[in-house]
Every structure is written in C-alpha cells, then in structure tokens.
Amino acid sequence: MAEWDREAPERCCSYLALQRRLPVLRWLPRYSLLWLQLDLLAGVTVGLTVVPQALAYAEVAGLPVQYGLYSSFVGCFVYCLLGTSKDVTLGPTAIMSLLVSSYAFHDPAYAVLLTFLSGCIQLAMGLLHLGFLLDFISCPVIKGFTLAASVTISFSQVKNILGLHNVPRQFFLQVYHTFQRLGETRAGDAVLGLVCLATLVGLRVMQGGVPRSHGVEPASVRISRRIVWTVTTARNALVVLFAGLVAYAFQVMGSQPFTLTGETPQGLPPFRLPPFSTAEGNSTVPFREMVQDLGAGLAVVPLMGLLETIAIAKAFASQNGYRIDSNQELLAMGLTNLLGSFVSSYPVTGSFGRTAVNAQTGVCTPAGGLVTGALVLLSLAYLTSLFYYIPKAALAAVIICAAAPVFDARIFGALWRVKRLDLVPLGVTFLLCFWEMQYGIVAGILVSGILLLYTIARPRITVSDQGVLLMQPASGLHFPAVESLRDAMHRWALAVSPPRGVILDGSHLSSVDYTVAVGLADLLQEFQRKGVPLTFAGLQGPVLRVLLAADLAGFHHFPSLEEAKQAHGAELLPKASENPPPASGLIQ
C-alpha cells in the first residue's frame, strides 16, 4: 500500500502532462447529453457556412474548387483532440488563401508542399516553445496587412461578379484591366452577383438586428427568433443554393447566362505523400527547386497562420471566460497542416467568421468540429456533382461579404489618438502589400523593429538642476544608448563653463551591458580630467553588480539620492509630498 502511495503523485503528474498534450482528456470525462445537443447544432451550423466558403476561398487561392473542401475537414478532427479553445474552427480563410495565391503559383503541387512544410515549421515552433516570436509582429503591421488583404481579396472578385475572364492577378494590373474591360461585362453574371451581394448584406444586417431573449417569453417568439437566426447564419449556403437552382433552371431551358464553377472531382481525396517534385512541361522540378521557389512563403505563411489562430483563440477565450495554451495551439495547427498535406490540403488557419458562428450557436466543446468535418466529407462524397451549377458570381459575393468587414478604418483614428508614430509601420505594410504581400509584411516588421531599436538607442533621460545636475534614465541602458548618454553628459555638464558635477540616478535602470560599463568608464575618466564628480545613486542590485564587476576607476555609488546630494554639498531633494522642481531639460 505504501508503495502505491509513493507512485500515486508520479502517476498524477504524468496524467496532468498527458492532459496538457491531449486537451480532449480534460472535457471528455465530463461530456453530457446537453453538451452533445449544443455541439451538434453548432457543428451543423458551421458546416453550412464552411462548404460554400471553402469553394469560394479555393478561387482566391487560385486552385480548383475541390481543394477548398480538401482543406476543410482535417482541422476539425485534429483540433478536437489537441485544441485548447472550444470555439476555434480551423480551415481555409480569405487571408490565408490570398497568401497561398501569392506563393504557390496557382499550382496544387506547390500549395500542398507549402502545407507540409508549414506544418513542420509550426510543429517545431510548438515543441520548442517558440510562440514568443509572434510577439515581434506588432499590431500595426497585422492591421496594415489585414486592411490590404481585405481590399485585395474583395477587388479580386469583381471580375467574377462582372463575368470577366483572363484578368491578371497582380493587384495594380487587375485594377487596370478590370476598368479597361468594363464593356465586356456579362449581364447575367452581373445581375446575379449583385442580387446575391445585396441578399447577403441584408441577411447580415438582419442577423445583427435579432433581439436577445429577455426573461420569460412565448414559445412562438423563441421559435421565430431561432428560425431567423438560423436562416441569417446559414446565409452563405442559402444564397449559393438559390443561385445554383437558378443556374440549373436556365440549363434545363437550354441557355446559360452565368459563368459556372464546372466539373468538380467526386469522392474523398486520396491519402498520399505530399508532392516532393512536380512535372513542369517535359521536365521535373525537384524538391530543392520547389523549396527555393516558395521562398519567403515558408516564413510568412506559417507565422501568419499561427498569428491569426492564436489571436482568434485569445479573443474568444477572453470573451467566454477560459484560457488557452499558445504552444499547444501551435502543435494543433502544425499537426493539422502536416496531416492535411497528405489529403491535398492547402495551408489553413483559424477562421474568425466561422469561430464567431460557433460561439454564438452555443458550442460547448471542440467536439462540434467533428460534425462540421463530417458534413464536409459528406459533401465531397455525394454532392460534388451539384457544385457544377454554382455560378462563380455567387461565390464571389460570398467572398466579398466575408472579406469586406475585415477592413476596419477605425484603426487609423485609434493610432492617431494613441501613438501617431505607429501609423508609419501600418502605412508601409498597407501600401507595399498591394505590390507583394511578403514585401509589405517584411517591410512593416523592419520599420517596427527600427522604431523599437530607436527607443532603446535613444532612451528618455530627464535632466534637472538641483545645485548639481541630476540625470535620470527612464529604463535600461544597452549598448546602442551609450552615445546618447555620452552626448547628454557633454551637452549639460562638460561643455558648459564651468563644468558641472553630475549625479546619475539609476533607480529606474533595470539592466546594463558590458558596452555600457565601458562607456561609463570613459565618462568617469573625462569627468576626472575636468575635475568634476560623476556620482551614481540608487542603482539596483543587478546593475550595481555589473558595474562593480567592471571595476570602474573612480566609481562612487550611494544607496540613496539624498546621500549622493549630500556628498555633492547641494540641497536635499524635496520630499515626495512636495512639488518637484521643474526639469531643466528632457533628452528623448
């Protein structure tokens, strides 16, 4: 018995570790019939949304429509086992589809290989706990990218609304050719596309106007509210179904005024290895060349996928009162893409729109994704022959209504009020993304990095005159800041006549490095040559240890600012309750 007691804590720790790696073990033992009912409802509702969106997003990615469905079911099953959010759904999204279009050359082989490599990268990041790298992509860069993506995705569907063909995909060429060829507009596509667009917008507005339940109400009112909510939530499926029936009716009558999706291969995708080479004309492109061709996509696609998923998961976790594990989310995403590449999926990520539908329907666990995944598989197995009649104009309307709300112009006003300098990385990212997505993202990150480094290289130094100059750096001093500190010392103390003694108040200094210690040693020598003191006060333990280890000649440190002031023979600083003296200067 004693031996069992000793082993029990170890078994408990092992089970907790297993729960961290398999979050399904946390909620499955407590699963109830009520949860099953709500998960079934949420799964069906999301499934009715994901099928038409998957077909539409494949068009954005430049791939045959079936690849959208191939990408829509693996994440549902994997996330049920490994995900830490009850609300998140993984699958194709507008932004990820646009990135795939930019890097995969509209070639399914490149898209599937990109999925495999992205999954490997994301898995490695999760295992190595490298999720913190996402923190270096600032919010203005993300917003700039999403704003540009919203415009790019929405305008890319104008050609399908108008029924235009052979329009280039590069944004500026696309704008030019679309306006140049307005005279070639197909009336049938334009009318149907605008009707679908107006219907989707109307149903979306109607959904936002559905009142919440207040207290006890008649059953008829509850049923009516549920019907309206269901219809407006499944608006994509209903509009696509309506457009398909209209197109089929014209086909039966012997005329077809719409551009149709066309033949879609029926059946489930074959389970096979990702393509590590591909045929191009009469030659074969080997794996190494394919990787070189993917280029920056191997960094941009996995990072943006992770960023989108974790941002969505955190938003809904905060809203619904639970926590997520970012590194576990990386594992779930990585395994989804890795396994998805074996069924011809292109890279997927968390979908904000479908996650919102999932949460609003009252999903209780990630098991709702099992129902969504099953609906996608049923569509692939039995409904692909019906996809032939879906007009491209209807799918274009679905994409525009999904992408347009992403454009949130309020961010410009928010940054103007909070910190105007953040408009620079946002503007750089936004404008360059119209040229090439990767250039916009990389440029935005670089600009954000430069702004961050500038604050490190030019820390704020408050200078006040209390009979002796008091200099107070506001944060840590690192090697880029040595010249800024040296310039401040020269300007305020050594370059004046007569030279002034200085107290360097280190009470706000959190860290210094070796280069700073060397720079302070040089400053001490310069002050000694001028015959004026440079004294240090209030240094924190880690900073003091570094400077003592550097063995600075003439280094004098006082635990408090008052003692340093007394050593200089100046007046004591005012008490905390008194008004501080005005600063003589502020070095930024």
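The values are calculated or read from the model by the stated rules, or taken from the named source; none is laboratory data. Quantities reported herein were computed from a predicted structural model and do not represent experimental measurements. When we count neighbours, we look across all protein chains shown, and the Cβ atoms used for this are built from the backbone with ideal geometry, even at glycine. These area figures cover heavy atoms from the full protein model, side chains too; ligands, DNA and RNA do not enter into them. Shrake-Rupley method; radii C 1.70, N 1.55, O 1.52, S 1.80 Å.
Side notes on the structure shown:
- Sole residue being open to solvent by 60 Å² or more (accessible area, probe 1.4 Å), touching a residue at least 60 places away in the same chain (Cβ under 8 Å) and not charged (D, E, K, R), chosen from F132, F145, F172: F172
- For the range 80-92, a residue qualifies if it is in contact with a Ser or Thr (Cβ under 6 Å, 6 or more places away or on another chain) and either of a type in the set (A, V, I, L, M, F, W, C) or open to solvent by 10 Å² or more (accessible area, probe 1.4 Å) (or both), and the qualifying residues are K86, V88, T89, L90.
- Unmet requirement for S344, which otherwise passes all of (1) under 21 Å from the mean Cα position of the chain (by Cα); (2) in contact (Cβ under 8 Å) with a residue 60 or more places away in the chain: (1)
- Subset of the range 448-461 (residues that are assigned to a helix (DSSP H, G or I) and open to solvent by 30 Å² or more (accessible area, probe 1.4 Å)): I450, L451, L452, L453, Y454, T455, I456
- The range 152-169, subset modelled with pLDDT of 90 or more and β-branched (V, I, T), residue least open to solvent (accessible area, probe 1.4 Å): I161
- The helices (runs of 4 or more DSSP H) falling completely within the range 18-111 that include 3 or more residues that are β-branched (V, I, T) and over 23 Å from the mean Cα position of the chain (by Cα) map to 33-61.
- Every condition in (1) surrounded by fewer than 19 Cβ atoms within 10 Å (Cβ to Cβ); (2) closer than 30 Å to S102 by Cα is met by G297 except one, and the failing one is (1).
One line per residue, one yes/no per condition, for (1) free of Cβ contacts under 8 Å to residues at least 40 places away in the same chain; (2) among the basic types (K, R); (3) closer than 21 Å to H557 by Cα; (4) surrounded by fewer than 19 Cβ atoms within 10 Å (Cβ to Cβ):
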| residue | (1), (2), (3), (4) |
| --- | --- |
| Q472 | yes, no, yes, no |
| L477 | yes, no, yes, no |
| P480 | yes, no, no, yes |
| E483 | yes, no, no, yes |
| A488 | no, no, yes, no |
| S497 | yes, no, no, yes |
| G501 | no, no, yes, no |
| L504 | yes, no, yes, no |
| L509 | yes, no, yes, no |
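- Residue within the range 321-329 that is on the phi < 0 side of the Ramachandran plot, touching a His at 6+ places or on another chain (Cβ under 6 Å), in a helix (DSSP H, G or I) and open to solvent by 10 Å² or more (accessible area, probe 1.4 Å) present: yes
For every residue, the table says whether it meets (1) modelled with pLDDT under 90; (2) surrounded by fewer than 16 Cβ atoms within 10 Å (Cβ to Cβ); (3) over 30 Å from Q256 (Cα atoms).
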site: Y389; (1), (2), (3): no, no, no
site: V398; (1), (2), (3): yes, no, no
site: A403; (1), (2), (3): yes, no, no
site: F412; (1), (2), (3): no, yes, yes
site: R420; (1), (2), (3): no, yes, yes
site: P425; (1), (2), (3): no, no, yes
site: T429; (1), (2), (3): no, no, yes
